[in-house]
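Undergrad: Quick one: this structure, given as structure tokens, is what I'll be asking you about.
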There are 2 protein chains.
Amino acid sequence: MNRGAPAKAGHGGSHASACDQCTVRHRAICSAVDFDHTADLDALVGHRDLAAGRSIFEEGDDGGTVFNISAGEVRLYKLLPDGRRQITGFLRPGDFLGLSSHGAYAYSAEAMTNVSLCVFRIGDLEKLFDAFPKVRNRMLEKANDELAVAQEQMLLLGRKTAREKVLSFLLRRGRHEDDDGYNPEVSVPMTRSDIADYLGLTVETVSRTFTALREEGLIETPSAHSVFLPNIKRIKDIAGAF
Amino acid sequence: MNRGAPAKAGHGGSHASACDQCTVRHRAICSAVDFDHTADLDALVGHRDLAAGRSIFEEGDDGGTVFNISAGEVRLYKLLPDGRRQITGFLRPGDFLGLSSHGAYAYSAEAMTNVSLCVFRIGDLEKLFDAFPKVRNRMLEKANDELAVAQEQMLLLGRKTAREKVLSFLLRRGRHEDDDGYNPEVSVPMTRSDIADYLGLTVETVSRTFTALREEGLIETPSAHSVFLPNIKRIKDIAGAF
DNA sequence: CGAGCTGTTGACATTGCTCAAATTTCGTGG
DNA sequence: CCACGAAATTTGAGCAATGTCAACAGCTCG
């Protein structure tokens, strides 16, 4: 709820009360709505703030509401009946979530940090599609990109070694989203346990792998949650790109 | 090429020369074009037949052409530089492939059997989208479903044991696509090596797992490529559904 | 009939997991 | 600002699941 309230999230972002002031508009599907029609967006969208650790929705819940992250970070995951968890993605401000597959959400979503969300009811989203056909276009593109990412992740999960998994993960975190360059200073805000569940490993293996990579000089770890990559080229060779 | 020629594929399907006679229309995105407008489809679509084993396109190739399978089976995969392979999906008649992510295909596609394809240039597809908005809708739905399937596969690859992987695989092959029932007679036309590369295992492990499951009475194997599931409920329990 | 796949089985090696414990970091309240 | 407890991270030791290498059997197709 908290319509128009500034985000309390600790990650610097805040959602503007009006879509035309949204700081992540360029990344969001909302950018497919012309700037001078953002009022139409405002009319349809609600807002919600959630504290770190809270659930946004759970696998199996009735769908019907979709979200755009305006501030904070989110993890998506699926569980097995005995509690084993696979994290399927980490989302950032501007990312979209909540399209359900057959009436129910296909995965669970949790706030990793404090989070501010833009909320659409699915019916309103359809209205938006009709009023601004480009939005559906944009959505299809996004879905397609996500599919490519998912396939890359299958390759990682099914065929890479622990070393390769961790290095691929770090490379991805360091890649610029616009050009195809890399930032050698990588921030890794999530816990080792989240990383493990994302890479299909155990916490212990992730930790040991970090240690081994550090001892080999492939990475430096100023703190547990930031990593420096002194030789990206070599890392790319080992990780098989990504 | 072979415009209008009956498919030589060994799997029973054949593509009609005209879309209104297509036997897999109901599964394809084409079903979003009203039946009395299929002539418009005909005007845009080309056809191609490929022999088993031939490549349809490879990861990195310039995109620009998309396909619908009218007969035969296709595998999608990604490779690591050293040749390790991850199969990301098996496709059947009616399935769609070839949307590229940023100008280039994100994965490779190969005919597993003889295959007949409907071919669209991407520009023509856009025309189709404009003429029949429902098609884009259908496409978005399909992309969304695929995403859900991909996430299910990540859970399998990252968190399931060999036993669970094989059983999940068999269950999926046995699931009806309409209702949520299962057919206990499962056909497994692909090689053990394809199965292994799909499940993130080695051929040997797949083979040994089949043997072990047979000895436990969980499956029966009339032949290497057909499996009978005498107790689906028990299998579901072990596999963690799917 | 023979070459070449495909599938199965065996023996052994190795990666990554499990269980356990020490250490460091972080958030909270005083 | 400091102290304390909880949580996160790291490390160690042993082990199990799965991979590797090798041999062999069964089928298919020319």
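Undergrad: Quick one: label points 7 angstrom along Cα→Cβ at A:G53, distances to the other copies in nm, smallest first?
TA: For A:G53, the inter-copy label distances come out at 5.9 nm.
Undergrad: Here's a follow-up. What's the magnitude of the charge dipole for segment A:89-203 around its Cα centre, counting Lys and Arg as +1 and Asp and Glu as -1 at the beta-carbon? Answer in Debye, nearest 20.
TA: 240 debye
Undergrad: For A:D179, place a label point 7 Å from Cα along the Cα-to-Cβ direction in every copy; what are the distances to the other copies, in nm, shortest first?
TA: So the label point of A:D179 gives 6.0 nm to the other copies.
Undergrad: Charges on Cβ only, +1 for Lys and Arg, -1 for Asp and Glu, centred on the Cα centroid of chain A; of A:A32, A:T211, A:S100, which one is farthest towards the dipole's positive end?
TA: So the residue furthest toward the plus end is A:T211.
Undergrad: Shifting gears a bit: What is the angle, in °, between the Cα long axis of helix A:162-174 and the longest principal axis of the Cα atoms in chain A? Nearest 10 is fine, range 0 to 90.
TA: For helix A:162-174, the angle is close to 50 degrees.
Undergrad: In nm to one decimal, list the spacings between the A:K233 label point and its equivalents in the other copies, with label points set 7 Å along Cα to Cβ, shortest first.
TA: 6.3
Undergrad: I've got another one for you. Over chain A, what is the mean sequence separation of C-alpha contacts under 8 Å (at least six apart), divided by residue count, expressed as relative contact order in percent?
TA: 18 percent
Undergrad: Averaged over peptide A:138-149, how many Cβ atoms belonging to another chain are found within 10 Å of each residue's Cβ?
TA: 6
Undergrad: If you don't mind, another one. Helix B:122-131 against the longest principal axis of chain B: what's the angle in degrees, Cα atoms only, rounded to the nearest 10?
TA: Roughly 70 degrees, rounded to the nearest 10.
Undergrad: Residues of B:156-164, mean number of Cβ from any other protein chain within 10 Å of their own Cβ, rounded to a whole number?
TA: 6
Undergrad: Between 0 and 90 degrees, rounded to the nearest ten: what's the tilt of helix A:133-159 against the longest Cα principal axis of chain A?
TA: The two axes meet at around 20 degrees.
Undergrad: Which of B:E59, A:E216 has the fewest other C-beta atoms within 10 Å, and how do the rest follow up to the most?
TA: The most exposed by this proxy come first: A:E216, B:E59.
Undergrad: Further question: In the neighborhood of B:E58, defined by Cβ-to-Cβ distances under 12 Å, what is the net charge if each Lys or Arg adds +1 and each Asp or Glu adds -1?
TA: So the environment of B:E58 carries a net charge of -2.
Undergrad: For segment B:119-168, what is one quarter of the convex hull surface built on the Cα atoms, given in nm²?
TA: Averaging across all directions leaves 4.8 nm² for the Cα convex hull.
Undergrad: Within the set of other residues whose C-beta is less than 12 Å from the C-beta of B:D82, count the net charge using Lys and Arg as +1 and Asp and Glu as -1.
TA: Details: positive: A:R159, A:K160, B:R84, B:R85; negative: A:E164, A:D237.
For residues surrounding B:D82, the net value is +2.
Values quoted throughout were computed directly from the atomic coordinates according to the rules given, and no laboratory measurement underlies them. Bear in mind that the values here come from a model prediction, so they are computed numbers and not experimental data. Heads up, the Cβs are rebuilt from the backbone with ideal geometry, glycines too, and the neighbour counts pull from every protein chain shown.
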